[in-house]
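Got a structure for you, written out below as structure tokens; questions coming shortly.
Where a number appears in this text, it was derived from the coordinates with a stated rule and is not lab data. Please read all numbers here as calculations on a predicted model, not as lab measurements. As a convention, Cβ positions derive from the backbone with ideal geometry for all residues, glycine included, and neighbour counts pool all protein chains shown.
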Amino acid sequence: MGVNVYKKILLCCDGTAANWCALKEGAELVVRLQAEAHVLAIVPPASLSASAALLAGACTTSEEDGYRRRAEEIAMRLRAQGVRAFSEVVYGRAIDQIPYVARKLCWDLVVVGHKSRNGLGRWWAGGENVALADRVPCSVLISVERPVVVSAGADSVRSKVPSGV
């Protein structure tokens, strides 16, 4: 078998259904490769003043707590499978935070989710239409959200949000 080039994998999460699918796929890759994982939860700022208060540690929101709990839960599940994993919550735009963390911690692979939105994907571009892949110093794995499948005549629906991450 070849050399594992992905020893450090950054799993990015913004709470969308597309990201939960990406986290599931990324977590499976981390376990198979026995790579180190960093679960990065990105909380989009509601307002500049709310962000400043959160960064200063003055208060937390239920949204922030939810991001923190989910990221740590994923990291704990990965650790239970024998890999080194930790979580972090950051604030701001994903297009800014992902490249910053990827550079700062020297990751080999970034895993993100993608769902098309008016021709531009959430993770692909920021306000300046700069591609994420052009801003990170490593490879990017883009997990594309699959549509919900409803069986005709059946009561079951396959959810877009995986439960097994």
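By average Cβ neighbour count within 10 Å, what is the ranking of 69-76, 13-20 from highest down? The partial results should precede the final answer.
Values: 69-76: 17.9, 13-20: 21.0.
With the highest mean Cβ count within 10 Å placed first, the list reads 13-20, 69-76.
For Arg93 and Asn4, FRET efficiency with R0 = 25 Å and r from the beta-carbon atoms, rounded to 0.05? Please list the in-between numbers first.
Working: r = 31 Å, r/R0 = 1.25.
For R0 = 25 Å, the calculated efficiency reads 0.20.
If I model a spin label as a point 7 Å beyond the Cα along the Cα-Cβ vector, how far apart are those points for Arg32 and Ala80 in nm?
Going by the 7 Å Cα→Cβ label model, 2.2 nm.
Could you calculate the contour length gain from Ala133 to Arg69, that is, 0.36 nm times the residue separation minus the distance between their Cα atoms, to one decimal place in nm?
20.2 nm
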